[in-house]
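Derivation of every value follows stated rules applied to the coordinates shown; laboratory data play no part. Computed from a prediction, not measured in an experiment: that's the story for all the values here. Cβ coordinates were reconstructed from backbone atoms using ideal geometry, including for glycine residues, and neighbour counts include every protein chain displayed.
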Amino acid sequence: MSGDRLDKLRVGVIGVGSLGRHHARVYASLPEVSLVGVVDAIPGRAEEVAREYGTRAFADYRELAGRVDAASIVTPTVLHAEIGEAMLKEGVSLLVEKPISDSLEGADRLIRAARQSGGLLQVGHLERFNPAVRAVREIVKRPRFFEAHRLGVFAPRSVDIDVILDLMIHDLDIVRMMVPSEPVDIQAVGIAILTERIDIASARIRFADGCVANVTASRVSTEKVRKLRLFHAREYISLDYTRQDAAVFSVDGPVGSTGAQITSRTLAPPHREPLREELRSFVDACLGRGGIECSGEDGRATLGLALRVLAEAERAQALEIDP
């Protein structure tokens, strides 16, 4: 759709569970968008969301073909490639929730379909749109060390994937985005607690430029924690995803000198809803008013790192079970 046209971008949402209904809410509030319909396989769910946001309900995503210019796919991860490939072949631009797929083969299917159809493909790595992440990204120069903790209480959602693809992948994407180097060594451990898949995991990733990242994720904790700490030259940064702010501690003066002092400041950008910023960015790209923030290739690279972490965690788990 040309950015010169005055008509609205016709959008649909495929999958309106706990997150998908928020996609519908945001789209319904954007003046340049017409929310054409919502889709869900669970009887009654699409109808409920459709009534709330004044749109139509569909039971099959294929019914959106020809009716929409763009869509969000917020289904279980294992369905991303199948549904996304079919919609892209119909010329529909897509925002696919993270992870892009449950396999690199699935990611490649989506990327290939987007290239062949000319449709846009954006991956929903939400934390890229967190105001604190954007503020920190502007000042980080060659990071040397990361420590990330992403903990949450158990909820019966996204249990078709492990905690690495469900939660840890957020921080893996931010680390990968900030480190201009490839991972060369990965050590990881993980255990299943409440599901048949890994529910808590920790990884240590070493990059070719010497940067090291320690990343921990749990979906069976007693509290919610979303924090990232990192060091780069002469500075330590502590970022809180939930508060959307960051504390920056800097060394002024020669290192090791008695005259050196530590100063601090706070990065507190205006609060924004990351999902609204993400969907607005996607809509702008569809209307020709901007580029894609997280491309299919970006999503594939982050998925590749997550799968390497998962493989190491599963290998370690197998050794514990059968030494």
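Odds and ends about this structure:
- Under 18 Å from the Glu105 label point (7 Å along Cα→beta-carbon), backbone N, the stretch 167-199: none
- Cα gyration tensor category, rounded, prolate or oblate, for the stretch 163-256 with a/c compared to 1.5: oblate
- Positive-end residue of Gln187, His232, Val215, charge dipole of the stretch 144-242 with Cβ unit charges: His232
- Given +1 at the Cβ of Lys and Arg, -1 at the Cβ of Asp and Glu and no other charges, the dipole of the chain around its Cα centre is 820 debye to the nearest 20.
- Selection of trypsin sites (Lys or Arg not before Pro), the stretch 224-253, meeting DSSP coil and at most 16 other Cβ within 10 Å: Lys224, Arg234, Arg243
- Considering only Ala41, Val78, Val13, and ranking their Cα positions along the charge dipole of the stretch 1-117 that arises from unit charges at the beta-carbon of Lys, Arg, Asp and Glu, the one farthest toward the positive end is Val13.
- Residue-wise HN-Hα coupling along the stretch 231-239, computed from phi with Karplus coefficients 6.51, -1.76, 1.60 (Hz; x: Gly, Pro): 10, 9, 3, 6, 9, 10, 10, 10, 10
- A DSSP coil position with no more than 16 other Cβ atoms inside 10 Å describes the following GluC sites (Glu not before Pro) in the stretch 132-224: Glu138, Glu196, Glu223.
- The stretch 98-240 shape via C-alpha gyration tensor axes, a/c threshold 1.5: oblate
- Normalising the average separation of contacting C-alpha pairs (under 8 angstrom, six or more residues apart) by the number of residues puts the relative contact order of the chain at 18 percent.
- Gyration tensor verdict on the stretch 70-170 (Cα atoms; rounded if a/c is under 1.5, prolate if a/b is larger than b/c, oblate otherwise): oblate
- Mean-position separation - Cα centroids, the stretch 52-82 and the stretch 117-131, in angstrom: 17 Å
- When the chain is treated as a GNM with alpha-carbon contacts under 10 Å, the residue of Ala208, Ala313, Ala50 showing the greatest mean-square fluctuation is Ala208.
- Computed from label points 7 Å out along Cα-Cβ, the spacing between Ser29 and Leu194 is 2.8 nm.
- Report note on the peptides 60-68, 20-28: ranked by the mean count of other C-beta atoms within 10 Å, highest first, their order is 20-28, 60-68.
- Under 21 Å from the Cα of Lys98 - lysines, other chains or at least 8 residues apart: Lys89, Lys224, Lys227
- Computed from the Cα positions only, the extents of the chain along the three principal axes stand at 68, 54, 38 Å, in decreasing order.
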